[in-house]
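Peer 1: Can you read through this structure? Questions will come right after.
The values are calculated or read from the model by the stated rules, or taken from the named source; none is laboratory data. Since this is a predicted model, take the numbers as computed values, not measurements. As a convention, Cβ positions derive from the backbone with ideal geometry for all residues, glycine included, and neighbour counts pool all protein chains shown. The area values use the complete protein model at the heavy-atom level, side chains included, leaving out ligands, DNA and RNA. Shrake-Rupley method; radii C 1.70, N 1.55, O 1.52, S 1.80 Å.
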Amino acid sequence: MGEGWGVRKVWVIGGAAVGLGLSFVMLLVVGVYVVAGNLLGGAGGAGKALAKGAVPAAYSTLVQKWGNLCSAINPALLAAQLYQESGFNPRAQSPAAAQGIAQFIPGTWATHGIDGDGDGDRDVWDPNDAIPSAASYDCQLASYVKDVPGNVSDNMLAAYNAGAYAVIKYKGVPPYKETRNYVKTITTLADSFAAPVSRLSPTKQAAGAIEFAQNRLGTPYKWGGNGTAQDGGRFDCSGLTKAAYESVGITLPRVANDQYNAGPHPARNELLPGDLVFFSTDMSNSRAIHHVGIYVGGGYMIDAPYTGAVIRFDPIDGADYFGATRVTEDGAKALPTTV
């Protein structure tokens, strides 16, 4: 990621300017986090509305509509399930014969697939049927476990993974590692698809990620670079952000548009140093993201821009600014390994 970034202007050039830039960064990091800590008080959370562009535009209306089918689900939770299952790929097929954007196996589709668009057929490969069917199936599972104590959404997800009988037997999420991991994964992923309803708390790893990136200022860009000895210590945009967060114990996906779902999404006026900032060719689709940088405050980021340039400071505001992600450890762990 990072090619075609040449339209952005360099803010600081040369060793002396970079030195001044480091002082600028550290002042911003300290100052912004002090203010943020005073303002936020640890508040956070996500609502039911989808974050801008988090779901591809072709499916966002369906997800928003059917994600409100019953109280056990919401659009962000439904989006998280679809992303986990197929990465929003309507042609996905697993080795276990799971099919379509919602990855129904034939037996489950035969009993739970619905004609979501009212065209007279039930097509597992058609998102207009498969997405409504996924929501309908969730709500049916929720009805099976409605009398079980605990969180209705967690119990529904547990029923999806382990079956309703197990949830009823154990009076809640059963003590199966796979099931508990599934429930945590989907509920965490849902945060990355929801539009936050309040300010998000800062993360403790952000300053370390910034320090890693600022120590690479002036390093030449390399397409596909991961900073290895083989790459001569060079990075491309998503290679830099991946390495920066890996230095503080958080493993991100390699590609920028997958990194977008590693946490919730602060608004432009709520950015904090360490947030990842993204740029897209399509403002309605996070899958069209083509560039990523690490926000440092004051409207600037550290990024690896394009071939022929070096890792540097760049302004974030422009026509292709898509949004931001506050990377969290749980958010990164929840990302599917293949999307």
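Peer 1: Check region 186-198 and report whether any residue there is open to solvent by 20 Å² or more (accessible area, probe 1.4 Å), without any contact (Cβ under 8 Å) to a residue 60 or more places away in the chain and assigned to a helix (DSSP H, G or I).
Peer 2: no
Peer 1: Within the bounds of region 127-139, is there any residue that is assigned to a loop (DSSP other than H, G, I, E, B) and surrounded by 16 or more Cβ atoms within 10 Å (Cβ to Cβ)?
Peer 2: No, the conditions are met nowhere in region 127-139.
Peer 1: Give me the pairs, please: first residue somewhere in region 291-304 and free of Cβ contacts under 8 Å to residues at least 24 places away in the same chain, second residue anywhere and surrounded by fewer than 24 Cβ atoms within 10 Å (Cβ to Cβ), beta-carbon distance under 8 Å, and either six or more positions apart or on two chains.
Peer 2: So the pair list comes out as Gly299/Pro315; Gly299/Ile316; Gly299/Asp317.
Peer 1: Here's something else I'd like to know. Taking the criterion of being more than 24 Å from Asp320 (Cα to Cα), among the basic types (Lys, Arg) and surrounded by fewer than 24 Cβ atoms within 10 Å (Cβ to Cβ), would at least one residue in region 243-255 satisfy it?
Peer 2: Scanning region 243-255 turns up no residue that is more than 24 Å from Asp320 (Cα to Cα), among the basic types (Lys, Arg) and surrounded by fewer than 24 Cβ atoms within 10 Å (Cβ to Cβ).
Peer 1: Further, regarding this structure: Ile311: crowded, with 23+ Cβ neighbours inside 10 Å, under 30 Å from Tyr182 (Cα atoms) and modelled with pLDDT of 95 or more, yes or no?
Peer 2: no
Peer 1: Across region 226-254, what is the total count of residues that are in contact (Cβ under 8 Å) with a residue 60 or more places away in the chain and over 20 Å from Arg312 (Cα atoms)?
Peer 2: Selection size over region 226-254: 5.
Peer 1: Can we say Gly113 is buried (at least 22 other Cβ atoms within 10 Å of the Cβ), modelled with pLDDT under 50 and touching a Phe, Trp or Tyr at 6+ places or on another chain (Cβ under 9 Å)?
Peer 2: Judged against the criteria, Gly113 is not a match.
Peer 1: Give Pro132, Pro106, Pro127 a once-over and let me know the one that is within 19 Å of Leu157 (Cα to Cα), out of contact with any Cys (no Cβ under 9 Å at 6 or more places or on another chain) and either modelled with pLDDT of 95 or more or of a type in the set (S, T, N, Q) (or both).
Peer 2: Numbers: Pro106 fails: within 19 Å of Leu157 (Cα to Cα); Pro127 fails: within 19 Å of Leu157 (Cα to Cα).
Every option except Pro132 fails the conditions.
Peer 1: Right, another one. With (1) closer than 30 Å to Lys52 by Cβ; (2) touching a residue at least 40 places away in the same chain (Cβ under 8 Å); (3) assigned to a loop (DSSP other than H, G, I, E, B) as the list, and Met156 as the residue in question, which single condition is left unmet?
Peer 2: (3)
Peer 1: Which one is least open to solvent (accessible area, probe 1.4 Å) among residues in region 314-339 that are out of contact with any Phe, Trp or Tyr (no Cβ under 7 Å at 6 or more places or on another chain), within 24 Å of Phe193 (Cβ to Cβ) and among the charged types (D, E, K, R)?
Peer 2: The extreme case among them is Arg326.
Peer 1: Output the number of residues of region 215-237 satisfying the condition of being assigned to a loop (DSSP other than H, G, I, E, B) and farther than 20 Å from Val255 by Cβ.
Peer 2: Counting residues in region 215-237 that are assigned to a loop (DSSP other than H, G, I, E, B) and farther than 20 Å from Val255 by Cβ gives 7.
Peer 1: Given the options Val173, Val183, name the one that is within 23 Å of Ala79 (Cα to Cα), among the hydrophobic types (A, V, I, L, M, F, W, C) and open to solvent by 30 Å² or more (accessible area, probe 1.4 Å).
Peer 2: Just one listed residue meets the conditions, Val173.
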